[in-house]
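Undergrad: Quick one: the structure is below, and I'll ask about it shortly.
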């Protein structure tokens, strides 16, 4: 188990928090009510806080003299290892909620396992994040029920978002070669074991929300290997703007 | 006869009300209050609430581009605090018998005003520092006296708002300090932001006393403790030495410390620009209102869904109880 293995493994987890945190941040000030705006911003804050803990650890592990900001802002697109789901745009509130719920259920299960990692840093970050993510899961799950079993319009919009985002769920359980190595050593999580309970949880909530499970046979993948959708470049050009325009400065 | 009696009753209610204010006691939502007091408070508190939520937009403009993770998180938290301030202020306003929907309608239709400073654009990262330092600095000067204003819910909301604002102001100043200790490019960015935000910040403290229409009555109700010109002088006296520490130049050729008065003399404010922006012709007036309106209009189906769902759940509970 080399430090590089661990660093790559961390990217696979932390980049999800960074990119989803960035996506939700775009909505700050534009929510459907002030209360939801505040709650969504809280989730962005939690995710970015988690990102910082992971990246600070990367900076420690790295042989180079780098900071959390170098990790966040100075990689190229192919070096980000987040899943495609989290980079999908804020098309409307239904997409935001469905994307969040699909991710939160997975995130919670992942952290539950990561809490038992042999690595004490992972244990600590997972423990702290679990409290936050259990709230996220409740928030997005409750909203999905409201949208599904609310009005005709909200049901139709929620179903549309589910149908469109469903293809990104399978990738959550893909294991790269590095994931396999880190998991085999007892540091990482074998996510293939989480797949059945994930779909069981999602199915049960969608049923309660009177929404249908899409009948999809094909899924999208690539993010975990750094092959992203076309949205990613725009996320990065926004996010990296200052660091790229004014290299090497302190802020 | 009846009419006389009513008038007498009214007079005694008014006396009780005036006496309460004179004794520095709080007026609470259920207490009797003159209609003019209610209306003035709805106007001022809602204007303040609108300023908080419109104020989220110029700063929100930089959240996705913040230069470091620490700054990004701090800015998100700051903008979120503003949403929180909006929330308590709308709630305080609602106790006066007006709904949140009506208040939003007034904002969206242009009937209600908000602080004009938020109609200026945020062009560089240094603007985020300058807003914290200057705009929040001016806001605190305006708001601290309101912690002891006569209307209870407003005064209590302001205690919390002021604590958070003073934190934001220090945070903004710290952004400026970091820039001023940085490269020449960063210093230039800081100076440019001060140049653009200085005069609008002075205008933020309101028209000069002889132009201000609400001052006298507001003083009586403790909605104001000092006049606009006094507040402005206080702001300038406090801020100029802070600019000196940063090594930045305040963009006013006539700015000079006056040994006799112990205050800074300053140049003429361009009130024409102030009124232009107040009347809706600042660079971002249209964008700000349309951003708020879009958020509200696009959120309608979401709010409807939440209500429909809650109604269905309530029906289920009733059925289960039967």
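The values are calculated or read from the model by the stated rules, or taken from the named source; none is laboratory data. Please read these numbers as outputs of a predicted model, since none were measured by experiment. Cβ placement follows ideal geometry from the backbone for every residue including glycine, while neighbour counts extend to all protein chains displayed.
Undergrad: Does residue B:178 satisfy the condition of being part of a helix (DSSP H, G or I) and over 30 Å from residue B:32 (Cα atoms)?
TA: Judged against the criteria, residue B:178 is a match.
Undergrad: Exactly one of these conditions fails for residue A:207: (1) more than 14 Å from every other protein chain (Cβ to nearest Cβ); (2) over 21 Å from residue A:10 (Cα atoms); (3) surrounded by 16 or more Cβ atoms within 10 Å (Cβ to Cβ). Give me its number.
TA: All conditions pass for residue A:207, except number (3).
Undergrad: Provide a single number: the residues in region B:101-134 that are farther than 10 Å from residue B:46 by Cβ and part of a helix (DSSP H, G or I).
TA: 18
Undergrad: Same structure, new question: Go through region A:16-101 and tell me which helices (runs of 4 or more DSSP H), entirely inside it, have 1 or more residues that are under 14 Å from the mean Cα position of the chain (by Cα), modelled with pLDDT of 95 or more and facing chain B (nearest Cβ under 10 Å). Full working, then the answer.
TA: Values: elements: A:34-61, A:68-73, A:84-87.
Filter on region A:16-101 gives A:34-61.
Undergrad: Something else about it: Identify, please: which residue in region B:158-184 is out of contact with any helix residue (DSSP H, G or I) (no Cβ under 9 Å at 6 or more places or on another chain) and modelled with pLDDT of 95 or more and is, among those, farthest from residue A:249 (Cα to Cα)? Please lay out each step first, then the result.
TA: Narrowing region B:158-184 to residues out of contact with any helix residue (DSSP H, G or I) (no Cβ under 9 Å at 6 or more places or on another chain): B:163, B:183-184.
Right, trim to modelled with pLDDT of 95 or more and you get B:183-184.
Working: B:183: 7, B:184: 11 Å.
Filtering first and then ranking leaves B:184.
Undergrad: Do you know which of the residues in region A:174-192 that are part of a helix (DSSP H, G or I) and touching a residue at least 60 places away in the same chain (Cβ under 8 Å) is nearest to residue A:123 (Cα to Cα)? Can you show your working first?
TA: To start, the set of residues in region A:174-192 that are part of a helix (DSSP H, G or I) comprises A:177-184, A:191-192.
Next cut, touching a residue at least 60 places away in the same chain (Cβ under 8 Å) only: A:178-179, A:181-182, A:191.
Values: A:178: 19, A:179: 17, A:181: 18, A:182: 14, A:191: 16 Å.
Step by step, filter region A:174-192, then rank; the result is A:182.
Undergrad: For region B:283-299, which residues satisfy the criterion of being assigned to a helix (DSSP H, G or I) and either facing chain A (nearest Cβ under 8 Å) or surrounded by 14 or more Cβ atoms within 10 Å (Cβ to Cβ) (or both)? Steps first, answer last, please.
TA: Keep residues of region B:283-299 that are assigned to a helix (DSSP H, G or I), which gives B:285-298.
B:285, B:287, B:288, B:289, B:291, B:292, B:293, B:294, B:295, B:296, B:298, listed by residue number.
Undergrad: Tally the residues that are surrounded by 13 or more Cβ atoms within 10 Å (Cβ to Cβ) and at the interface with chain B (Cβ under 10 Å from one of its Cβ atoms), restricting the search to region A:211-237.
TA: Selection size over region A:211-237: 1.
Undergrad: If residue A:7 meets every condition in (1) farther than 21 Å from residue B:62 by Cβ; (2) within 18 Å of the chain's Cα centre (by Cα); (3) not in a helix (DSSP H, G or I) apart from one, which number is that one?
TA: Checking residue A:7 against (1) farther than 21 Å from residue B:62 by Cβ; (2) within 18 Å of the chain's Cα centre (by Cα); (3) not in a helix (DSSP H, G or I), the one that fails is (3).
Undergrad: Considering only residues that are at pLDDT below 95 and not in a helix (DSSP H, G or I), look in region B:214-267 and name the one that is surrounded by the most Cβ atoms within 10 Å (Cβ to Cβ).
TA: B:224
Undergrad: Identify, please: which residue in region B:268-282 is free of Cβ contacts under 8 Å to residues at least 40 places away in the same chain and exposed (fewer than 15 other Cβ atoms within 10 Å of the Cβ) and is, among those, farthest from the chain's Cα centre (by Cα)? Write out each step before concluding.
TA: Start the filter on region B:268-282 by keeping residues that are free of Cβ contacts under 8 Å to residues at least 40 places away in the same chain, which leaves B:268, B:272, B:275-276, B:279, B:281.
Now drop any that are not exposed (fewer than 15 other Cβ atoms within 10 Å of the Cβ), which leaves B:268, B:272, B:275, B:279, B:281.
Working: B:268: 24, B:272: 22, B:275: 18, B:279: 18, B:281: 20 Å.
Selected residue: B:268.
Undergrad: If you scan region B:54-92, which residues turn out to be within 7 Å of chain A (Cβ to nearest Cβ) and over 18 Å from residue A:48 (Cβ atoms)? Break it down into steps so the answer makes sense when it comes.
TA: Step one: list which residues in region B:54-92 are within 7 Å of chain A (Cβ to nearest Cβ), which gives B:56-57, B:60, B:63-65, B:67-69, B:71-73, B:76-77, B:79-80, B:83-84, B:86-87.
Those that are within 7 Å of chain A (Cβ to nearest Cβ) and over 18 Å from residue A:48 (Cβ atoms): B:57, B:84, B:86, B:87.
Undergrad: Which residue is nearest to residue B:130 (Cα to Cα), if the candidates are limited to region B:201-213 and must be outside any helix (DSSP H, G or I) and more than 18 Å from the chain's Cα centre (by Cα)? Explain how you work it out, then say what you get.
TA: Here is the first cut: in region B:201-213, the ones outside any helix (DSSP H, G or I) are B:204-208, B:212-213.
With more than 18 Å from the chain's Cα centre (by Cα) added as a condition, the list becomes B:208, B:213.
On the way: B:208: 24, B:213: 29 Å.
Taking the candidates together, the pick is B:208.
Undergrad: Determine which member of the set B:52, B:14, B:82 is part of a helix (DSSP H, G or I) and at pLDDT below 95. Spell out the reasoning first.
TA: Details: B:52 fails: at pLDDT below 95; B:82 fails: at pLDDT below 95.
Going through B:52, B:14, B:82 in turn, just one is part of a helix (DSSP H, G or I) and at pLDDT below 95: B:14.
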